Ligand SMILES: Nc1ncnc2c1ncn2[C@@H]1O[C@H](COP(=O)(O)OP(=O)(O)OP(=O)(O)O)[C@@H](O)[C@H]1O
Ligand SMILES: [Mg+2]
């Protein structure tokens, strides 16, 4: 089964996009070194800021007809083909593919609000093309929004990037609660918190107490 890693934390600037993009590239390299027959990884950018899209493709000039927005607005039966049509190759590596974000995603949340099945509009088409990829990595926006919910519903593994600061460790519990809510509420038994990823470590600062707290 192809694993789908979602990087999420409602706190801004903790390193979600940096970690998601570098992990996606890292998986490509790891698979290639291991001689895997398929080293292709798909990075899905669900954040309208499109930072992951910009760094991996060199542009964030994607809109109504060539981005995740297009997939979310497509008819159910066309959505998987639309998804394939919107994927672009990263400038980082030929085996790293990107489903780009678009500023339109901001409005998509309002457009989809209240539409039956809206939270599955990413998971559904993704499940139909997932076998083409060895792994999927999803970057999310800094909020518990419909877009983030869609990312979590499509995922098997949630990774929570967190800075080694006391208040961050307190906020972490609400992120984990949210992920558990999605697993129970949307009946996604495969979704689990696979890791707390400590970012922005500074070796000159003694982080032992905070790391101990995070481990607990
Ligand atoms: N592991 C790290 N070590 C040091 N700096 C980092 C690390 N990860 C990210 N950064 C830096 O922190 C800043 C924020 O990173 P990034 O954009 O990845 O966070 P984010 O959680 O995606 O932000 P947002 O919530 O706005 O989407 C950037 O300047 C980035 O270079
Ligand atoms: Mg980001």
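General observations
- If you go through segment 169-196 and keep only what is farther than 23 Å from residue 146 by Cα and surrounded by 11 or more Cβ atoms within 10 Å (Cβ to Cβ), you end up with just 169.
- Residue check, residue 98 in contact with a helix residue (DSSP H, G or I) (Cβ under 9 Å, 6 or more places away or on another chain) and not in a helix (DSSP H, G or I): yes
- When the residues of segment 67-89 are filtered to those that are in contact with a strand residue (DSSP E or B) (Cβ under 7 Å, 6 or more places away or on another chain) and within 14 Å of residue 57 (Cα to Cα), the one that is surrounded by the most Cβ atoms within 10 Å (Cβ to Cβ) is 86.
- Test: residue in segment 26-37 that is farther than 21 Å from residue 141 by Cβ and within 14 Å of ligand 1 (Cβ to nearest atom): yes
- Single residue of segment 126-181 satisfying the filter (out of contact with any helix residue (DSSP H, G or I) (no Cβ under 8 Å at 6 or more places or on another chain), within 19 Å of residue 13 (Cβ to Cβ) and in a loop (DSSP other than H, G, I, E, B)) that is nearest to ligand 2 (Cβ to nearest atom): 143
- Residue match in segment 6-29 (condition: at pLDDT 95 or above, surrounded by fewer than 21 Cβ atoms within 10 Å (Cβ to Cβ) and more than 28 Å from residue 168 (Cβ to Cβ)): yes
- Among the residues of segment 101-125, the one identified as within 19 Å of residue 153 (Cα to Cα), within 16 Å of ligand 1 (Cβ to nearest atom) and assigned to a loop (DSSP other than H, G, I, E, B) is 101.
- Candidates 3, 40, 110, 33: the one that is out of contact with any helix residue (DSSP H, G or I) (no Cβ under 6 Å at 6 or more places or on another chain) and at pLDDT below 95 is 110.
- Residue 31, sole failed condition from (1) more than 16 Å from ligand 2 (Cβ to nearest atom); (2) within 21 Å of residue 123 (Cα to Cα); (3) in contact with a strand residue (DSSP E or B) (Cβ under 9 Å, 6 or more places away or on another chain): (2)
- For segment 1-28, the set of residues classified as away from ligand 2 (no atom under 12 Å from the Cβ) and within 23 Å of residue 129 (Cβ to Cβ) consists of 1, 2, 3, 4, 5, 6, 23, 24, 25, 26, 27, 28, listed by residue number.
- Segment 38-59 - residue that is away from ligand 2 (no atom under 16 Å from the Cβ) and closer than 21 Å to residue 126 by Cβ and, of those, surrounded by the fewest Cβ atoms within 10 Å (Cβ to Cβ): 38
- Given (1) more than 18 Å from residue 87 (Cα to Cα); (2) within 16 Å of ligand 1 (Cβ to nearest atom); (3) not in a helix (DSSP H, G or I), number of the condition residue 19 does not satisfy: (3)
- In segment 34-66, residue nearest to residue 15 (Cα to Cα) [restricted to those that are out of contact with any strand residue (DSSP E or B) (no Cβ under 6 Å at 6 or more places or on another chain) and part of a helix (DSSP H, G or I)]: 51
The values are calculated or read from the model by the stated rules, or taken from the named source; none is laboratory data. Values in this document were obtained by computation on a predicted structure and should not be read as measured data. Heads up, the Cβs are rebuilt from the backbone with ideal geometry, glycines too, and the neighbour counts pull from every protein chain shown.
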